[in-house]
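To start, the structure itself, in C-alpha cells.
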Amino acid sequence: MSKRDYYEVLKISRTATQVEIKQAYRKKAMKYHPDRNQGDPEAEAKFKEVNEAYDVLKDEQKKAAYDQYGHDAFQNGGPGAGGFGAGGFGDIFDMFGDMMGMRRGGQGQRRTGADIQIQTEIELTEAFSGVKKTVKFQSKKSCTSCNGSGSEDKAKGSQTCPTCHGSGKIRSQNGFFLVERPCHTCHGSGQVISNPCKKCQGTGLESQEKELEIDIPAGIEDGTRIRIAGEGEAGSNGTPPGDLYVHVSVLPHDIFQRDGGTIFCRIPVRMTQAALGAEIEVPIIDGGRTKVKIPTGTQSGKQFRLRGKGFSVLRSSSRGDMYIEVKVETPQNLTKRQKELLEEFEKESQDGHEQGSPETSGFFSKVRDFFEGKS
Ligand SMILES: [Zn+2]
Ligand SMILES: [Zn+2]
C-alpha cells in the first residue's frame, strides 16, 4: 500500500502553522485513539498513520525534509523504520500522552528512568564512513548506599503507599478517556519510604558522569537522533533505565557539500585548461582521488557527474553520485610574457575569428541589432 501524504492524513494545508498542525493532530488522534475504538484494526492503522504524520510535521527539520523530498526523505530510516528513534506503538502513546498531559503508568511502577538527550558533532568524512564516537554525559545510577531502594533501613525498606494502595496510579475520567496519572504521594512507585536514605534523600538515585562509545552509521544525515535503549537514567526502585538520545550534527566541509547521497565539489581550473582541455585531479569524499577529462572549450559552471563517487547511503552498500562544477579562473598578476601572449591572443580573437567565442559574438551581434532598431 502506498503511503498517504502527511498533510492529507492530518487534513491540513502545506502552509499550516505548528499550532494548526498540533490542533489537527489532536483531533485525529482522539478520533482514532484505541481507547475509543477497541479492537478495530482499521482505527489502529489510522491512529498509527496520524501519529507518524505528526511525528514528522511537528519537527521543523523533518518537516523541511519531507516538504522537499516527500516520503523519500525517510526511506532510509523514517519514523516507521525507527531511524528517528520512534520505536513503535509504545512511543506513539508516549507522544500522545505527553501532549495530553498524561503518562501511562506501568504495573504500579514509574515506567522507566528519565531519558537523556545529548548532542555530538562529527565531520562530514566521519558521516561518510561511519564512526565510533565516545560521548560523556551526566546521568543517574542506582544509589550505592541503598542499592536504589531509597531506604536507609534495609530491613524495613518501603511500605505500600496509602494513597494508591500500591498501584502507583490514580484513575480519573478526562473527556473521552479514562486517564491514569502517577500517584502524587509515591510518584508512581506504589511504595513510600519510611526511613529515606541519607545519601540520595530517598530517590534511590545518584549522579554520575557516564562515558559511552556509540556507533554512528555511515550515511547519517545532519540532525539525526540516535536512540540507545537503556542508557538513560536509572529508574528508581530498580525499575528499568530510560533511553539515551544522541542528536548528531554533521559539520560543514571545506570543499564538499552534501545533499543526501549526492556530493558537490567546485573545482577551479585555469582559463587555458578550460580552453585547451585538460585532465584534472578531483578529490573524493572517501579520501581517494580520480582524474577527470575536461574537454576543449569547457565553460565556467559546467558540471560533470562521477557515478558512484558520492555519499554513502544509510543501511546500504551503495553510494550516490558526485558532481563537480568547473569554475574557470581568470588569470591575475600576469608576467610580462603572459601579457604579451594574451595580447596577441586577443588580437587574433578580434580579427574575424568569431566562432572562437560564439556567445560573445552572438551577444554583440544582438547589441548591433538593438542599436539599429531591429529589436
Ligand atoms: Zn540511597
Ligand atoms: Zn501512591
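Measuring r between the beta carbons of residue 125 and residue 147 and using R0 = 41 Å, the FRET efficiency lands at 0.35. Within the assembled protein chains, the solvent-accessible surface assigned to residue 140 is about 70 Å², based on a 1.4 Å probe.
Of the whole protein surface, residue 330 contributes about 100 Å² of accessible area at a 1.4 Å probe radius. Placing a label point 7 Å from the Cα of residue 211 along the Cα-to-Cβ direction, the residues of segment 136-155 whose backbone N falls under 18 Å from that point are 136-141. Taking amide H as placed 1.01 Å from N in the peptide plane, the amide H of residue 189 sits under 5 Å from that of 110, each at least 5 places away or on another chain. Say a site is exposed when it is one of the GluC sites (Glu not before Pro), sits in a DSSP loop, and has at most 14 other Cβ atoms within 10 Å; what is then the longest site-free stretch of the chain? In short, 124-371.
Taking amide H atoms as placed 1.01 Å from N in the peptide plane, the amide H of residue 309 lies under 5 Å from those of 322, each 5 or more residues away in sequence or on another chain. With viscosity 1.567 mPa s and temperature 4 °C, the Kirkwood radius over alpha carbon pairs of the chain converts through Stokes-Einstein to a diffusion coefficient of 49 µm²/s.
Full extension of the segment from residue 35 to residue 117, taken as 0.36 nm per residue of separation minus the current Cα-Cα distance, would add 26.5 nm.
Checked against a 30 Å cut-off, the cross-linked pairs 302/339; 62/136; 63/291; 3/210 give Cα-Cα distances beyond that limit for 63/291; 3/210. Between the Cα long axis of helix 60-69 and the first principal axis of the chain there is an angle of about 50°, rounded to the nearest 10. When the alpha carbon coordinates of segment 239-278 are projected onto the principal axes, the ranges are 73, 17, 11 Å, largest first. Inter-label distance, residue 279 to residue 357: 3.1 nm, where each label sits 7 Å from its Cα along the C-beta direction. Panel values: segment 168-281, Kirkwood radius from alpha carbon pairs, Stokes-Einstein at 25 °C and 0.890 mPa s, translational diffusion coefficient 120 µm²/s.
Note on residue 194/residue 68: beta-carbon distance plugged into 1/(1 + (r/R0)^6) with R0 of 51 Å gives a FRET efficiency of 0.30. With viscosity 1.002 mPa s and temperature 20 °C, the Kirkwood radius over alpha carbon pairs of segment 121-218 converts through Stokes-Einstein to a diffusion coefficient of 129 µm²/s. Could you give the distance between the Cα centres of segment 230-302 and segment 139-187, to the whole Å? Computed from Cα coordinates, the inter-centre distance equals 50 Å. By the beta carbon rule, with partners counted only under 4.7 Å, the chain holds these lone Cys residues: 265. Estimated from the Cβ-Cβ distance and a Förster radius of 30 angstrom, the FRET efficiency linking residue 132 and residue 292 is about 0.35. Taking one quarter of the surface of the C-alpha convex hull of segment 313-375 gives a mean projected area of 9.8 nm².
Dipole size of the chain about its Cα centre, with +1 on Lys/Arg Cβ and -1 on Asp/Glu Cβ: approximately 1300 debye, rounded to the nearest 20. Nearest 5 is fine: what % of DSSP beta bridges in the chain come out antiparallel, could you say? DSSP beta bridges in the chain are roughly 75 percent antiparallel. Per-residue extension of 0.36 nm, minus the Cα-Cα distance of residue 342 and residue 267, leaves a gain of 24.6 nm for this segment. Relative contact order of segment 164-214: 26 percent, from C-alpha pairs under 8 Å at least 6 residues apart in sequence.
The gain in end-to-end length when the residue 303 to residue 259 segment is fully stretched comes to 14.3 nm, 0.36 nm per residue minus the alpha carbon separation. Structural descriptor for segment 1-49: relative contact order 26 percent, calculated from alpha carbon pairs under 8 angstrom and at least 6 residues apart.
Using the Karplus curve 6.51 cos²θ - 1.76 cosθ + 1.60 with θ = phi - 60°, what ³J(HN,Hα) values do you get for each residue of segment 357-368, in whole Hz, with x for Gly and Pro? Residue by residue, segment 357-368 yields 9, x, 5, 4, 5, x, 5, 6, 6, 5, 5, 4 Hz.
The values are calculated or read from the model by the stated rules, or taken from the named source; none is laboratory data. Model, not experiment: these values are computed from the prediction. Every residue, glycine among them, receives a Cβ derived from its backbone with ideal geometry; neighbour counts consider all protein chains shown. Only protein heavy atoms, including side chains, enter the accessible area calculation; ligands, DNA and RNA are left aside. Shrake-Rupley method; radii C 1.70, N 1.55, O 1.52, S 1.80 Å.
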